[in-house]
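The values are calculated or read from the model by the stated rules, or taken from the named source; none is laboratory data. All values derive from a computational prediction rather than experimental measurement. All Cβ positions, glycine included, derive from the backbone under ideal geometry; neighbour counts span all protein chains shown.
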Amino acid sequence: RARTNHVATNRPPHKCYKCQQGHRIDVCESFKSLSIEERINFVKLHRLCYGCLRPFHSAKVCRSSKICGVNNCKRRHHSLIHQEEPINPTSVETYTGSTACAQIASNHRVIFGVLRVNVRDRSGRWKTANLFYDEGSDTSLVREGFLRRLGFKGKPILLEISGVRAEISHFKSEQIALNIELSSGGAACVNVASLPIVCDPKPLTNWADKKRNWIHLKDLPLEESGGRIDILLGLDHSHLVIPLDVRSGADNEPYAFKSKLGWIVRGVLGEADPKQSARINVISSRNISDLDTAIRQFADTESFETEYKKDRMTTEDQAAIDIVAGGTRQLEVGYEVALPWKPASPGLPVNRPLAVFRA
């Protein structure tokens, strides 16, 4: 007789590796609140599968055939750990950088180092731009809209920016050199990378009226400043903003310094709106376009003092090839090929005593 056994088991529900609750990690709000980089590090730390975010196996043997699908990504990883695929570094120059920002309550209105400058466009005419000098940045940027207004199209690059929570963002950008007019005449060449928005707009300040409130600023040729920022000038061009003259007043009053680009006013302007907040921005980047070159150099034998030499044959092998090549001729039917016999007799030992003994 056939027997049928029914076995009931009470399997404990799977616990989330992040919050220890009874749900999968891909629906965990705590896990979703992490940045992409933090999610990837979490998956690595707990040895979860990149394809389904479950334990005890890897993506290579994962039964899930689901693809990512984010921005039409065809790779087999979970959509929660999707990162934008970097552009081929052999064809597109790559930059990487980091940004940090913080907002804190402030009871003073602070004026930033913004001034209006002239930038030469493609036809050779001057266009007015709002330039913001940011000592917290080591990279100079230009707003994409302003770059198009100038009629330029730069060299494609990949700009990588890392945020406060280690969130890495990639931007398709362009690198170009712009000519900015100096206050003394002539122009300075500034290398910039483009972004849709280089920073937040700065408050408009009408210095024609405001400067009368401070004796040390009254006689300076100050104009209206602020608004949407077209160019962010970083420390990579700090020689353009070296203070040539400084006008300062009492504490909590704005100060001005003269640079090659003109007069720049910074500092405390007055009491702030209670809703206003102070912003601290830092942008830094470094050129890693040489990464591909460095890898190639490492793989190149000359970089670690070894030299590739063509394989060489022994004297006997070369002699055999010469015999075959010199003794080969075509017959009416087929070919005649010389046998590469060695010219000398083989050096065999005298074995007569052994032959007599065996006889």
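Tally time: how many residues in segment 179-221 are in a loop (DSSP other than H, G, I, E, B), surrounded by 11 or more Cβ atoms within 10 Å (Cβ to Cβ) and of a type in the set (Gly, Ala, Ser)? Selection size over segment 179-221: 1.
Taking the criterion of being free of Cβ contacts under 8 Å to residues at least 60 places away in the same chain and either touching a Lys or Arg at 6+ places or on another chain (Cβ under 6 Å) or aliphatic (A, V, I, L, M) (or both), the residues of segment 127-148 that qualify are Thr128, Leu147.
Residues that are assigned by TED's automatic domain parsing to the domain that holds Phe112, over 22 Å from the mean Cα position of the chain (by Cα), among the hydroxyl-bearing types (Ser, Thr, Tyr) and at pLDDT below 85: does segment 158-167 have at least one? No, that holds for no residue. Just one of the listed residues (Val43, Val114, Val61) is assigned by TED's automatic domain parsing to the domain that holds Leu178, of a type outside the set (Ser, Thr, Tyr) and modelled with pLDDT of 80 or more, namely Val114.
Among the residues of segment 18-74, those identified as touching a residue at least 40 places away in the same chain (Cβ under 8 Å), within 18 Å of Ser169 (Cα to Cα) and not in a loop (DSSP other than H, G, I, E, B) are Lys32, Ile36, Glu37, Glu38, Arg39, Ile40.
Is it true that Glu84 is modelled with pLDDT under 80, within 16 Å of the chain's Cα centre (by Cα) and farther than 22 Å from Asp236 by Cα?
Here the answer is yes, as Glu84 does meet what is asked.
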